[in-house]
1. For B:ILE222, only one of the following conditions fails: (1) touching a Ser or Thr at 6+ places or on another chain (Cβ under 7 Å); (2) within 14 Å of another protein chain (Cβ to nearest Cβ); (3) closer than 18 Å to B:PRO38 by Cα. What is its number?
2. With respect to B:LEU22, determine if the residue is out of contact with any helix residue (DSSP H, G or I) (no Cβ under 9 Å at 6 or more places or on another chain), assigned to a helix (DSSP H, G or I) and farther than 30 Å from B:GLU324 by Cβ.
3. Test A:SER82 against the stated conditions and say whether it is touching a His at 6+ places or on another chain (Cβ under 8 Å), at pLDDT 95 or above and surrounded by 22 or more Cβ atoms within 10 Å (Cβ to Cβ).
4. Whether any residue in the range B:63-75 is without any contact (Cβ under 8 Å) to a residue 60 or more places away in the chain, buried (at least 23 other Cβ atoms within 10 Å of the Cβ) and either within 11 Å of chain A (Cβ to nearest Cβ) or touching a Cys at 6+ places or on another chain (Cβ under 8 Å) (or both) is what I want to check.
5. Can you find a residue that is within 21 Å of A:LEU296 (Cβ to Cβ), outside any strand (DSSP E or B) and out of contact with any Lys or Arg (no Cβ under 6 Å at 6 or more places or on another chain) anywhere in the range A:222-235?
6. Of all residues in the range B:244-261, which are touching a residue at least 40 places away in the same chain (Cβ under 8 Å) and either within 14 Å of chain A (Cβ to nearest Cβ) or not in a strand (DSSP E or B) (or both)?
7. Can you go through A:GLU27, A:GLU19 and tell me which one is among the acidic types (Asp, Glu), surrounded by fewer than 16 Cβ atoms within 10 Å (Cβ to Cβ) and more than 14 Å from chain B (Cβ to nearest Cβ)?
8. Has the range A:115-124 got any residue that is of a type in the set (Lys, Arg) and either outside any helix (DSSP H, G or I) or more than 14 Å from chain B (Cβ to nearest Cβ) (or both)?
2 protein chains.
Amino acid sequence: MALDEVETPALIIDLDAMERNLRMMAEAVQGTQVKLRPHAKMHKSPDLARLQLAQGAVGVCCQKVSEAEAMVRGGVPDVLVSNEIVGDTKLARLAALAREARVAVCADDPFQVERYSAAAQAFGVTLPVLVEVDVGAHRCGVAPGPPVADLAKRIERAPGLRFAGLQAYQGSAQHKRQPAERREAIQSAVAQIRESVQALGKAGLACDWITGAGTGTFRHEIASGLYTELQVGSYLFMDADYARNVGEDGKPVHEFEHALFVLATVISRPVPERAVVDAGLKAYTTESGLPVVHGLPGVECVRVSDEHGVLQFSDPSHPLKVGERVMLIPGHCDPTVNLHDWYVGVRKRRVEALWPITARGAVS
Amino acid sequence: MALDEVETPALIIDLDAMERNLRMMAEAVQGTQVKLRPHAKMHKSPDLARLQLAQGAVGVCCQKVSEAEAMVRGGVPDVLVSNEIVGDTKLARLAALAREARVAVCADDPFQVERYSAAAQAFGVTLPVLVEVDVGAHRCGVAPGPPVADLAKRIERAPGLRFAGLQAYQGSAQHKRQPAERREAIQSAVAQIRESVQALGKAGLACDWITGAGTGTFRHEIASGLYTELQVGSYLFMDADYARNVGEDGKPVHEFEHALFVLATVISRPVPERAVVDAGLKAYTTESGLPVVHGLPGVECVRVSDEHGVLQFSDPSHPLKVGERVMLIPGHCDPTVNLHDWYVGVRKRRVEALWPITARGAVS
């Protein structure tokens, strides 16, 4: 099937670009102390996770039990739920899953530790639990240093649990635009991890699993000598927002290519300055900015509504007509992927793969 | 099942509130010239559409052929696709659907008219086509007046088509905050419709179907004496953004109640000033503002990420604990609904209905 025959809106993967992104990240960790554990919350597809495993990833991260179930049942043998899970039904599912695969989870509160322990005992498993440390993102996570050791000791004492390491993702560093800002944020995170590891050492607890990093900062986590894993997700697809980061060379970052697009059709050209496409807020999300029109200089997406995207032309004589198609680069890939049921994998304008977005809507 | 047992995040309907909203809108049109044709792009559920039909609605609107298919197959006999449809495969589906139900569609370009005609002829149906007029929203639609008559004549001449009326939705008026702004926008729209109807009259074309209006302005469309139908959608659920409109009495509009919520669980309370819930950008959308925490004064959602919502407390001694649940009022109901697979209908904290969001993801 030709790309031109695909119904719009559709979520398109440029397979050549994605494969180059896959290899680029695999090469980045070669010969370093870090392993790749890509974040599956981004792509929600065991099919794509298996491509990452084939390039050397040790497993994946998930944020939700339902995502972890989709990954394990899709053939991923090692899943870190890089999040706190609350709710005994969810924990029963998590503990059941730990009978089938290596499954770890995070904690930042004694309440979670107590309920994790109860679930692990009920299912006869030992759950590896990481302490989540707040290294600057100020979302979840205990304060660095002694509080980390306190929670780790509680985990280690809890029947059915094992203290496994540190979850230390500096999420707020990923989209800082200037390279120096990102570097400083990760330097600060590293200092806080070091302090936490020392506190653990004083408490007699070893820590050989320190996991974090994102597409915006991963080279700093590699350089830290402390992190043992990267949780990068967006590198696979690159969205418009990540592409607004400035790299060390002063140019927009360009080590990864845009590989994810929303294919849309022009349904209206009511006036020369404006065209309207059939893809809006139900085909991409805009909390990280409007989509960027790919490969059409002078054509800008300026406004969106539920089912429409409004394109504006710097030159009103632009020949884009009703019935023609455009490729939009989404502002933020994770929640955009979560809107769609299928990936359409395309190479040289031919459809080569159709992958279900297995964990779409898996939010529990 | 009790509400307390529902897994989070979940999309909850307060059935009592929704039923009051249903009745309130049915009463608003009683004794007037307008009929109700609620917009199903909002709820995407034939189950809810049937509740609207039972309260006197003449049919529903949809934006997409796939939505229209879901509605007709779910028992809705009359669907207006209040949008331009481009793509011959979609038009074949639309024309096929027109054999099963009353199906109308909109046009603002001769290209669409030509393709609609080809599809209607191929399926042996007569498609009613409305001319979409741009009455101020500056999205799709031809300019008011003579251009409307020109396109209407083209429709009327096209084999398999029938000129049916005007699509005249003033979308940009719906969220203007001050009542005078909304009133003026609709007065202007009405003047432009009048001009268009006169142009149609000169061309010998009658126009007895004029459809538009939204939850923010519908009383003005009723008062116009021109509109024959209301396409209101959000009144059924009311989102946080509509509730920011100021009413004629100078207070936030209060004729409809919040009936749609995202139920979320507190998964972390890392510091006294902050809690984190398990619902983020994959459980609600934020392009019209962050969700509002329902019924908990002094607790505000201040930041969201893909799977997390960050709550801030004006009083850090607030007792909200890990494991407790909150109800979030989404900023914008339409794209929020489109994230979920099920509605959980609740009355007096008991689950009474589980309705599939049949047309979730139906974007083509």
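1. Result: B:ILE222 passes all but (2).
2. It is false that B:LEU22 is out of contact with any helix residue (DSSP H, G or I) (no Cβ under 9 Å at 6 or more places or on another chain), assigned to a helix (DSSP H, G or I) and farther than 30 Å from B:GLU324 by Cβ.
3. Yes; evaluated as a whole, the condition is true for this residue.
4. Yes; the residues of the range B:63-75 include at least one that is without any contact (Cβ under 8 Å) to a residue 60 or more places away in the chain, buried (at least 23 other Cβ atoms within 10 Å of the Cβ) and either within 11 Å of chain A (Cβ to nearest Cβ) or touching a Cys at 6+ places or on another chain (Cβ under 8 Å) (or both).
5. No, the range A:222-235 has no match at all.
6. Residues satisfying the conditions are B:ARG244, B:ASN245, B:GLY247, B:GLU248, B:GLU255, B:PHE256, B:GLU257, B:HIS258, B:ALA259.
7. A:GLU27
8. no
The values are calculated or read from the model by the stated rules, or taken from the named source; none is laboratory data. Keep in mind it's a predicted model, so treat the numbers as computed, not measured. Reconstructed Cβ throughout: ideal geometry from the backbone, glycine too, with neighbour counts over all protein chains shown.
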